[in-house]
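Everything below concerns the one structure shown next.
The values are calculated or read from the model by the stated rules, or taken from the named source; none is laboratory data. It should be emphasised that the depicted structure is a prediction, and the values quoted were computed from it without experimental measurement. With ideal geometry, Cβ positions are generated from the backbone for all residues, glycine too; neighbour counts draw on all protein chains shown. These area figures cover heavy atoms from the full protein model, side chains too; ligands, DNA and RNA do not enter into them. Shrake-Rupley method; radii C 1.70, N 1.55, O 1.52, S 1.80 Å.
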Amino acid sequence: MEIESLNLVNQDTAVLPNYELDGRVNSIITYLNIRNELLIIGWIDNNYIYWASKTKADDRETNEQIFNRLADGVFETASQTKKAFESIGISYEELNRFYKERFDRGNEREPGKVWKISSGGCYKEADIQRHGRLFAYHMEGMLKHLQRKCRAREANGAYFKVLEQSLKILQKEKQDACYYEKEYELIQILEGESYLLLSKDERVRNTYFQIKEEIYSLYCKYMSFIK
């Protein structure tokens, strides 16, 4: 397979950046859903991407090739996440229902670490020839691993009541511009449980998604207030 054919950042979705992109540190961002569909993004910054693709998380060969392709950070065309995925019928709201993980390039302050993983750990310089393979195996096992984590957290359904109560708390005073700051400790806990977006329990998935949306709304209101 010609790996470039999978890239949704192409002539049809390209945008013209309004500032210079050369030399920017970029990241690889992955999105996974309960159907084991994997979206991979070559991320430049908050505005632009240079790669977007959709595969199955258990397609080790393809995902290894994609990681290796993105690891060089070379690109000619830029697009935006929303535009790229809408080209294959994935809306921005649907994307927010995926579990997200980041692979950020290391820097000179942490020698030996080539990629830092948001869920913990890193890919080291000593293993640089194996990074693509490590990534592919990581993606292949992620859904099962996180669903086991969900099952443990859900405690035979008992945790669903906690999620419902947390949602009520977030909604209680959402007109207060400083409510995000007042409930920051709760928000921190909830943001650390994004794996619940992959729960086999639809009620848990939907309630957590509502929580995620409320947190984002509170954050935007708070940032608008303090600026």
Checking the condition open to solvent by less than 40 Å² (accessible area, probe 1.4 Å), closer than 23 Å to Glu101 by Cβ and either in contact with a strand residue (DSSP E or B) (Cβ under 6 Å, 6 or more places away or on another chain) or of a type in the set (Ser, Thr, Tyr) (or both), which residue from Tyr219, Tyr179, Tyr123, Tyr137 passes?
Tyr123
For the stretch 133-141, state whether one or more residues are over 18 Å from Tyr31 (Cα atoms) and either aliphatic (A, V, I, L, M) or within 16 Å of the chain's Cα centre (by Cα) (or both).
no
Among the residues of the stretch 42-60, write down those that are within 26 Å of Tyr195 (Cβ to Cβ) and open to solvent by 30 Å² or more (accessible area, probe 1.4 Å).
Trp43, Asn46, Lys54, Lys56, Asp58, Asp59, Arg60
Just need a number here: residues in the stretch 115-173 that are assigned to a helix (DSSP H, G or I), of a type in the set (Lys, Arg) and farther than 20 Å from Gln188 by Cβ.
6
I'd like to know if the stretch 16-34 contains one or more residues that are at pLDDT below 95, basic (Lys, Arg), more than 16 Å from Arg102 (Cα to Cα) and within 22 Å of the chain's Cα centre (by Cα).
yes
Filter result for Leu190 (within 18 Å of the chain's Cα centre (by Cα), hydrophobic (A, V, I, L, M, F, W, C) and buried (at least 17 other Cβ atoms within 10 Å of the Cβ))
yes
Just one listed residue, out of Leu39, Leu8, is within 28 Å of Glu213 (Cβ to Cβ), open to solvent by less than 20 Å² (accessible area, probe 1.4 Å) and touching a helix residue (DSSP H, G or I) at 6+ places or on another chain (Cβ under 9 Å), and it is Leu39
Could you list all residues from the stretch 61-86 that are farther than 9 Å from Thr13 by Cα and open to solvent by 40 Å² or more (accessible area, probe 1.4 Å)?
Glu61, Glu64, Gln65, Asn68, Arg69, Asp72, Val74, Phe75, Glu76, Thr77, Lys82, Glu86
Looking only at the stretch 127-139, decide whether some residue is closer than 17 Å to Arg205 by Cβ and of a type in the set (Ser, Thr, Tyr).
no
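Table: residues versus (1) more than 21 Å from Glu37 (Cα to Cα); (2) surrounded by 14 or more Cβ atoms within 10 Å (Cβ to Cβ); (3) modelled with pLDDT of 95 or more.
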position	(1), (2), (3)
Glu110	yes, no, no
Gly141	no, no, yes
Ala158	yes, no, yes
Phe209	no, yes, yes
